[in-house]
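Next up is a structure, given as structure tokens.
The values are calculated or read from the model by the stated rules, or taken from the named source; none is laboratory data. Predicted, not measured: the structure shown is a model, and the values here were computed from it. Virtual Cβ from ideal backbone geometry, glycine too; neighbours counted across all protein chains shown. The accessibility values were calculated without ligands, DNA or RNA, using every heavy atom of the protein model including side chains. Shrake-Rupley method; radii C 1.70, N 1.55, O 1.52, S 1.80 Å.
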Amino acid sequence: MSEVLVLVEHHDGAIAKVTGELLTAAARLGSPAAVVIGKPGTAESLAGELGALGAATVYAAESDEAAGFLVTPAVAGLAAAAAAADAPAAILLAATVEGREVAGRLAVRLESGLLADAVDVAAEDGVVVATQSVFGGAYTVRYRVAVGTPIISIRPGSIESVPASAATPQVVPVQVSIYPAISAVVVADHPEPVGDRPDLSAASVVVSGGRGVGSADNFHVVEELADAMGGAVGASRAAVDSGYYPPQFQVGQTGTTVSPQVYVALGISGAIQHRAGMQTSKTIVAVNKDADAPIFEIADFGVVGDLFTVAPQLTEAVTQRKG
Ligand SMILES: Cc1cc2nc3c(=O)[nH]c(=O)nc-3n(C[C@H](O)[C@H](O)[C@H](O)COP(=O)(O)OP(=O)(O)OC[C@H]3O[C@@H](n4cnc5c(N)ncnc54)[C@H](O)[C@@H]3O)c2cc1C
């Protein structure tokens, strides 16, 4: 069975949730092989956990300089692992800001086709096929590459991670060459503080507020429901442009794309640019006082009502059920 390479996202020794999702996707296409970029010893320290997530092999693309550069070590490491794997069936990455850039550069390096922002993958008669949600979720398309090894960036949260064999995989070192002259140097590595809430792009639950929230002071109603549900907070662009919530929390075409198990939209009309960033959520709940708001066209559960009446009741009900 051909190997399917997965770029491992990790920080401070913790493997990102999306890596489990990618390894589950890889198992549908062939034998999952994790590619770890980092300082010497990183792959060995992560191997047990990667095995439990389904990796049969771990390629260690390690060097002392790897952590000092953005993007290029991952491109070099994946290219080296692809050569070592001998015609892998596909290469999977998360459709995150960095993953997208790595995928594009890797496609050029390997002269391969790139399938961007997929929400599902399958092997059909030996051909790797990806599914993509396009035009604000109005169409679902299936597509494949015509040239080379399929390089696929997958939207975090779109595939459920399924635990696999807990066998510790074999760690295979590969050479990673970094060219400092063409690499962006990391001069400081301070992730934005996110508090206790999960990362918006990978959260299982997202509660977003729109212009209907009315002010920055009112946004606590959104935050309280998110916290009760253990979710992340999002915002529509109108809410961001109005100064109700910071821009890094914007969901939509020009913000973050999310695909959680549950998406709650409070006071959001459901413009196509907002839908483009959340339409693949598994269950969509909308609260809006306008019964004709377009968000109700895609909602699984809708409440026509004032969010300041409905959301606190929902928060209380969730809290009571948990307690
Ligand atoms: C190029 C481009 C890119 C864009 N990118 C994005 C993007 O990434 N993300 C994004 O979100 N938008 C984006 N937009 C903007 C988008 O077109 C909409 O303007 C925006 O999504 C509207 O946000 P909203 O639903 O919060 O506000 P509105 O459309 O004003 O809707 C507010 C809603 O709140 C309801 N409401 C009011 N008060 C209450 C209450 N008390 N209780 C319950 N409901 C209430 C109203 O009935 C209304 O439906 C983009 C636009 C363009 C042109």
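Taking the highest mean first, how do the peptides 302-315, 248-261 order by number of other beta carbon atoms within 10 angstrom per residue? If you can, show how the numbers build up before the last one.
On the way: 302-315: 17.1, 248-261: 21.5.
Final packing ranking: 248-261, 302-315.
Shifting gears a bit: How high is the relative contact order of the chain, in percent, counting Cα pairs under 8 Å that sit 6 or more residues apart? Spell out each step's value before the answer.
Numbers: 777 pairs, mean separation 50.0, N = 323.
So the answer I get is 15 percent.
Relative to the compact globular guide of 2.2 N^0.38 Å, what is the alpha carbon radius of gyration of the range 73-165, as a ratio? Numbers along the way, then the final one.
Values: Rg = 13.2 Å, N = 93, 2.2 N^0.38 = 12.3 Å.
Taking the Cα Rg and dividing by 2.2 N^0.38 Å, one obtains 1.08.
If you don't mind, there's one more thing I want to ask. What residue among Val75, Gly212, Phe135 has its Cα farthest toward the positive end of the dipole of the chain, where the charges are +1 on Lys, Arg and -1 on Asp, Glu, each on the Cβ?
Phe135
On to the next question. Using only the alpha-carbon atoms, how far is helix 72-85 inclined from the longest principal axis of the chain? Give it as 0 to 90 degrees, nearest 10.
60 degrees
Check the straight Cα-Cα distances from Lys322 and name the lysines below 26 Å, setting aside those fewer than 8 residues away within the same chain.
Lys17, Lys282
Along the charge dipole of the chain, pointing to its positive end and built from +1/-1 on Cβ of Lys, Arg, Asp and Glu, which listed residue (Leu22, Gly230, Thr315) has its Cα farthest out?
Projecting each Cα onto the dipole axis, the largest value belongs to Leu22.
Mind ordering 208-215, 103-110 by average Cβ neighbours within 10 Å, highest first?
Result, highest mean Cβ count within 10 Å first: 208-215, 103-110.
Another question, then. List the GluC sites (Glu not before Pro) within the range 52-122 that DSSP assigns to loop and that have no more than 16 neighbouring Cβ atoms inside 10 Å. Can you show the working numbers first?
Working: sites: Glu62, Glu65, Glu98, Glu101, Glu111; in loops: Glu65, Glu111.
Loop-located and lightly packed - Glu65, Glu111.
Which value results when the Cα radius of gyration for the chain is divided by 2.2 N^0.38 Å?
Working: Rg = 20.7 Å, N = 323, 2.2 N^0.38 = 19.8 Å.
Here the answer is 1.05, to two decimals.
Rounded, prolate or oblate: pick one for the range 1-44, where a ≥ b ≥ c are the square roots of the eigenvalues of its C-alpha gyration tensor, a/c under 1.5 means rounded, and failing that, prolate if a/b is larger than b/c, else oblate. Please report the intermediate quantities before stating the final value.
On the way: a/c = 3.59, a/b = 1.66, b/c = 2.16.
It comes out oblate by the Cα gyration axes.
What residue among Ala89, Ala55, Ala202 has its Cα farthest toward the positive end of the dipole of the chain, where the charges are +1 on Lys, Arg and -1 on Asp, Glu, each on the Cβ?
Result: Ala89, furthest along the dipole toward the positive end.
With a 1.4 Å probe and every protein chain left in place, work out the accessible area per residue of the chain in Å², rounded to a whole number.
Values: 15090 Å² over 323 residues.
Result: 47 Å² of accessible area for each residue.
Here's another thing I want to ask about it. If we sort 112-121, 41-50, 3-12 on the protection proxy, mean other Cβ atoms within 10 Å, highest first, what's the order? Kindly include the intermediate steps, with their values, before the conclusion.
Working: 112-121: 20.1, 41-50: 18.6, 3-12: 22.7.
Descending mean neighbour count gives 3-12, 112-121, 41-50.
Follow-up question, since we're still on this one. If Rh is defined by the Kirkwood formula over all Cα pairs and Rg also comes from Cα, what ratio Rg/Rh do you get for the range 243-323?
Details: Rg = 13.0 Å, Rh = 13.3 Å.
My calculation of the ratio gives 0.98.
How big is the charge dipole of the range 264-323 about its Cα centre, in debye rounded to the nearest 20, if each Lys and Arg gets +1 on its Cβ and each Asp and Glu gets -1 on its Cβ? If you can, show how the numbers build up before the last one.
Numbers: 5 positive and 6 negative charges, 59 e Å.
For the range 264-323, the charge dipole is close to 280 debye.
Measure off, as a whole percent, the carbon and sulfur share of the 1.4 Å-probe accessible area of the chain, all protein chains present.
Working: 7940 of 15090 Å².
Solvent-exposed carbon and sulfur of the chain make up 53 percent of the total.
Nearest 10 degrees is fine. How inclined is helix 307-322 to the longest principal axis of the chain, computing both from alpha carbons?
Computed tilt is about 60 degrees.
So if I take the alpha carbon set of the range 3-141, get Rg, then get Rh from the Kirkwood formula, what is the Rg over Rh ratio? Walk me through the numbers before you get to the answer.
Working: Rg = 14.5 Å, Rh = 15.2 Å.
Using only Cα positions, Rg/Rh for the range 3-141 is 0.95.
Right, here's the next one. Roughly how big is the chain's charge dipole about its Cα centre, with Cβ charges of +1 (Lys, Arg) and -1 (Asp, Glu), in debye to the nearest 20? Walk me through the intermediate numbers first.
On the way: 17 positive and 33 negative charges, 105 e Å.
Value, rounded to 20: 500 debye.
Further question on the same structure: Out of every Cα-Cα pair in the range 281-323, what percent are more than 15 Å apart? Write out the running numbers ahead of the final one.
Numbers: 429 of 903 pairs.
Summing the P(r) of the range 281-323 above 15 Å gives 48 percent of all pairs.
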